[in-house]
Amino acid sequence: MRRFDNTGGMSRRSFLRSSTAAAGGLLVALYVERSAVAAGTAAAPAFPPSAFVTIGADGRIVIMVNRIEVGQGIHTSLPMILADELDADWAAVTAEIAPVADVYKDPILGMQMVAGSTATANSYRQYRELGAKTRAMLVATAAERWRVGADRCRTENSVVYGPSGRSARYGELAADAARRPIPEKVRLKEPGELRIIGKRVRRLDGRAKVDGSQKFGLDLDLPGMKTALVARPPLFGGGVKSFDDKAARAVAGVRDIFQVPLTYGGSGVVVVADGFWPAKQARDRLKIEWDLAGVERADTAALLASYKDKARRTATVAAAIGDAGAIDKLGADRTIVAEYEFPYLAHAPMEPLNTIIRYDRDRAEVWMASMSGTADHLAIAQVLGLPPAKVTCHLLFGGGGFGRRGPLDCHLAREAAAVAKQLPGTAVKLVWTREDDIRGGYYRPMFVHRVQVGIGADGKPAAWKHVIVGQSFMKDSGLPFEPYLVKDGIDHLVVEGTVNHPYTIPNFHLSADHTKVNVPVLSWRSIGHTHNSFVVETMIDELAARAKVDPIEYRLRLLRPEEKRLISSMKLLRDKTAAWRSSLPVGRALGVACGTYYGSGIACAVDVSIENGRPRIHRATAALDCGVAVNPMTIEAQVHSGFVFGLSQLVAGGAITLADGVVEQRNFDRFTPPYMADAPVEIDVHLVPSTEAPTGMGETPVPVISPAVANALAALTGKRYRTLPITKL
Amino acid sequence: MKDFQLEVNGERRTVTVDPSTPLLWVLRDGLKMTGTKYGCGIGACGACTVHLDGVATRSCLVPVSLVGARRVVTIEGIARDAVGAAVQDAWVETDVVQCGYCQSGQIMTAVALLKSKPDPSDGEVEQSMGGTLCRCGTYARIRVAVRRASSRAK
Ligand code: FES
Ligand code: FES
């Protein structure tokens, strides 16, 4: 674990010391200004000099990654980008997750966070320039030694070659190179010169994750560390009236028990013990009287009825294109009216949530797999009453994230800080049991959609009227993102996927009713697209079926011409699935869906049958255009991952429900994400060749899979599936 | 609190814990062997899978008092077994892992399968691997990797 000075960033000297110790050599330090990567922005803030690359005398190259790895593969992709421009020997490259520091902020977002599938898109140019600048410094060093022009040198595999057979390994040059000024401008490679980008490269963290040596937050063991569990109120926002901890304190290994405020409101009782098991046993023995007076009791059955009612009325307008009355001019026989229901969903990353903080009165140290490092850092400093510069945050590998490790209100970080503050000098690991996680809120919100579609004489949608009812993440949240995402009373994250659907529909009217419910909600991988794309893509499929046109052809005829990446993806899908589509056995059906998300186009086709009353997905084919495919092996993995995650909302046990304010699911016994049998047996992924800058891939595959499967099921049974999860077929 | 003698990865270990403590937490908090993961604590996810006398077992469900003389093998010790090493290598070659958190359990389950059925059918793979949750959705590559390990171990 690297240690830092207290300036909030890493000073050049401290980095020199730490890297010398760690790598046994010197470093090539780079000072990257935001303006260098986000061309066109105003004057760059004065970041402390820092380093992304360390080259040891032994030639080993350590690349700092300014995003946490939660499975998405960024720990390999960003080093690949840098190493390519550096002309590094890939076998000598290792990666490290950067801590929270200004220099590691996302060059576009201005903060450290994992969100919106932005990592490769936003840091592609940044990491290329870092690599190119480091390479230029190494070349300049060699050229000076040899007294030749830098233009007479070339690089390959961590070696600089000069005229008359001279060569020098990067490790021999690194110490001198580190003393050179960092070049302002560098030439980046042309597409044909790239050697690592675009290759199928295996993950740098692959081995550590198969031999049990990879440490997650839950695995860290600091000297004297204690485990804390919080007994949380049965209703969101409920508080502690009184508690009896006599039996709990009798459990061997219990160190302390006290009340803590919860970020969402209300309070809980925290048990601090020597390990997880004593903490759990003690928590089970607490007798707590809760104060639940006046706390709203959300009930999903009641909410559903009220949402359906609201969906019959136009709410806040999100889009109004063409004639609002067009739909009424088409007769009932030319109109489809459909109501869709979507439940609350838990993220349930495999590694239960946890945060470690050691508070030492005048400073603090934090270990967390935070997807919003900058915000969590500031929140912890605020709770502890310390200047941010006195709080050092180490970022860790996360056992899955999907949005859950970056709650906008920073409640994971805040609650851990509130607990640690009571125990100065002791490292405290606040753990959420799986039950705490499943019952703990911060869900994908529940939604109802009501859609009326008028069909033109050509079988295409002539008019589309759509109302979305459900909670907003952002509206009235007071969060810094609110002004960017809430416009004219509409939270874009609620309507995305419908408001910007990819089809030509001349009359299109969308409104949304952002409800207020006492259930904390949070973005869930691919956010609004999860429900919006389900509605749009199943409805388009229904229209194609009514028009008796092949679902791929129908979409190709209807996609707006500017949807270039989606059209190229759809055409590739058509070609790549031609063989299996035409030879589907009896009892199996095709389902198709597509969309543009995070700048990437994706089209998906599935081959589905019904076995034991459940969809069996024999094959899923994806075709996509995400610009330059930095690591096709990772992109393929993200498609696998996104498809399985997207199926979470379709599998029978995939819903979170509340009765009289209480969450009805507790663990993976009743909230069941997809297991192997629910996932596609085979997945093939095809990429549209591209030299355009890369766009997002971490969330892109999520929205298309469940509508594709629902469309296949409709083809098999003749019924339309508009209520998720699908509990019976 | 009570003393328990365990044999873990071929070594004799003594722990002093409450007899109700699940083997999972004895391994993780007591013996500092954190390769075995906590995912649910109720036997529903498989992240905590270890071998007890060669049988894949969910360690969150086994109180330390019931382990007895059975040999415990965890992810940290499985590479010493030829099948274990073959499975790990197949996993790396296939680039199975994503977040990696479930993978100790996946690997321990796959090793137990291949030791009892060196050449499992697709159905048998699904049957054996089907109860181990992977929230990252690495299932398709797991199928490939089991097959690869199977031909490797032969
Ligand atoms: S932790 Fe044991 S099965 Fe989930
Ligand atoms: S690899 Fe993340 S849960 Fe399986």
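The values are calculated or read from the model by the stated rules, or taken from the named source; none is laboratory data. Since we're looking at a predicted model, the values are computed, not measured. Virtual Cβ from ideal backbone geometry, glycine too; neighbours counted across all protein chains shown. Please note that ligands, DNA and RNA were not included when accessible areas were found on the heavy atoms of the full protein model with its side chains. Shrake-Rupley method; radii C 1.70, N 1.55, O 1.52, S 1.80 Å.
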How many of the residues making up segment B:5-45 are basic (Lys, Arg), away from ligand 2 (no atom under 16 Å from the Cβ) and closer than 20 Å to A:Gly217 by Cα?
2
Check A:Gly399 against each of (1) within 16 Å of ligand 2 (Cβ to nearest atom); (2) surrounded by fewer than 24 Cβ atoms within 10 Å (Cβ to Cβ) and name the one condition it does not meet.
(2)
Which of the residues that make up segment A:340-373 are among the charged types (D, E, K, R), away from ligand 2 (no atom under 16 Å from the Cβ) and either within 14 Å of chain B (Cβ to nearest Cβ) or surrounded by fewer than 16 Cβ atoms within 10 Å (Cβ to Cβ) (or both)?
A:Asp360, A:Arg361, A:Asp362, A:Arg363
Go through the residues of segment A:676-686 one by one and say whether even a single one is in a helix (DSSP H, G or I), open to solvent by 20 Å² or more (accessible area, probe 1.4 Å) and either more than 30 Å from A:Trp290 (Cα to Cα) or within 11 Å of chain B (Cβ to nearest Cβ) (or both).
yes
For A:Pro506: the one exception among (1) open to solvent by less than 30 Å² (accessible area, probe 1.4 Å); (2) under 30 Å from A:Asp458 (Cβ atoms); (3) in contact (Cβ under 8 Å) with a residue 60 or more places away in the chain:
(1)
When the residues of segment A:416-428 are filtered to those that are in contact with a strand residue (DSSP E or B) (Cβ under 7 Å, 6 or more places away or on another chain) and open to solvent by 10 Å² or more (accessible area, probe 1.4 Å), which remaining residue is farthest from ligand 1 (Cβ to nearest atom)?
A:Pro424
If we keep only residues of segment A:217-237 that are over 21 Å from A:Glu289 (Cβ atoms) and buried (at least 22 other Cβ atoms within 10 Å of the Cβ), then the residue farthest from the other protein chains (Cβ to nearest Cβ) is A:Ala228
Here is a check on your reading of the model: is A:Ala379 open to solvent by less than 40 Å² (accessible area, probe 1.4 Å), modelled with pLDDT of 95 or more and either closer than 29 Å to A:Asp436 by Cα or within 16 Å of ligand 1 (Cβ to nearest atom) (or both)?
yes
Look at A:Asp625 and say whether it is acidic (Asp, Glu), open to solvent by 10 Å² or more (accessible area, probe 1.4 Å) and in contact (Cβ under 8 Å) with a residue 24 or more places away in the chain.
yes
Can you tell me which of (1) open to solvent by 20 Å² or more (accessible area, probe 1.4 Å); (2) more than 8 Å from chain A (Cβ to nearest Cβ) is the one B:Ala110 doesn't meet?
(1)
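A quick yes/no check of all residues on (1) assigned to a loop (DSSP other than H, G, I, E, B); (2) open to solvent by less than 20 Å² (accessible area, probe 1.4 Å):
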| position | (1), (2) |
| --- | --- |
| A:Ala132 | no, yes |
| A:Ala136 | no, no |
| A:Val139 | no, yes |
| A:Arg145 | no, no |
| A:Val148 | yes, no |
| A:Thr155 | no, yes |
| A:Val160 | no, yes |
| A:Gly165 | yes, no |
| A:Ala168 | no, yes |
Checking the condition in contact with a helix residue (DSSP H, G or I) (Cβ under 8 Å, 6 or more places away or on another chain), assigned to a helix (DSSP H, G or I) and either of a type outside the set (Ser, Thr, Tyr) or facing another protein chain (nearest Cβ under 7 Å) (or both), which residue from B:Ala47, B:Ala85 passes?
B:Ala85
Screening B:Ala149, B:Ala140, B:Ala112 for residues that are within 16 Å of ligand 2 (Cβ to nearest atom), among the small types (Gly, Ala, Ser) and either within 27 Å of B:Thr21 (Cα to Cα) or assigned to a helix (DSSP H, G or I) (or both) leaves only B:Ala140
Quick check on my filter: what residues within segment A:596-622 are touching a residue at least 24 places away in the same chain (Cβ under 8 Å) and assigned to a loop (DSSP other than H, G, I, E, B)?
A:Tyr598, A:Gly599, A:Gly613
So which of A:Val295, A:Val271 is open to solvent by 10 Å² or more (accessible area, probe 1.4 Å), aliphatic (A, V, I, L, M), at negative phi and more than 14 Å from chain B (Cβ to nearest Cβ)?
A:Val295
Return the total of residues in segment B:113-130 being open to solvent by less than 30 Å² (accessible area, probe 1.4 Å) and either within 7 Å of chain A (Cβ to nearest Cβ) or small (Gly, Ala, Ser) (or both).
2
If we keep just the residues of segment B:60-96 that are β-branched (Val, Ile, Thr) and within 15 Å of the chain's Cα centre (by Cα), which is farthest from ligand 1 (Cβ to nearest atom)?
B:Val83
Tell me, please, whether a residue that is outside the structural domain of B:Val26 (by TED's automatic domain parsing), away from ligand 2 (no atom under 16 Å from the Cβ) and of a type in the set (A, V, I, L, M) can be found in segment B:52-69.
no
Kindly establish whether A:His394 is open to solvent by less than 10 Å² (accessible area, probe 1.4 Å), more than 22 Å from A:Leu493 (Cβ to Cβ) and assigned by TED's automatic domain parsing to the domain that holds A:Val269.
yes
Cβ-Cβ under 7 Å, sequence separation 6+ or interchain: first residue in segment B:70-98 and without any contact (Cβ under 8 Å) to a residue 60 or more places away in the chain, partner within 16 Å of ligand 1 (Cβ to nearest atom) and assigned to a loop (DSSP other than H, G, I, E, B). Which pairs?
B:Ile75/A:Gly212; B:Ile75/B:Gly35; B:Ile75/B:Thr36; B:Gln98/B:Cys136
In segment A:93-123, what count of residues is obtained for those that are in contact with a Cys (Cβ under 8 Å, 6 or more places away or on another chain) and either open to solvent by 10 Å² or more (accessible area, probe 1.4 Å) or among the β-branched types (Val, Ile, Thr) (or both)?
1
Taking the residues in segment B:50-105 that are touching a Cys at 6+ places or on another chain (Cβ under 6 Å) and open to solvent by 10 Å² or more (accessible area, probe 1.4 Å) as candidates, determine which candidate is farthest from B:Leu23 (Cα to Cα).
B:Arg58
For segment A:530-553, the count of residues that are open to solvent by 10 Å² or more (accessible area, probe 1.4 Å) and not in a loop (DSSP other than H, G, I, E, B) equals 6
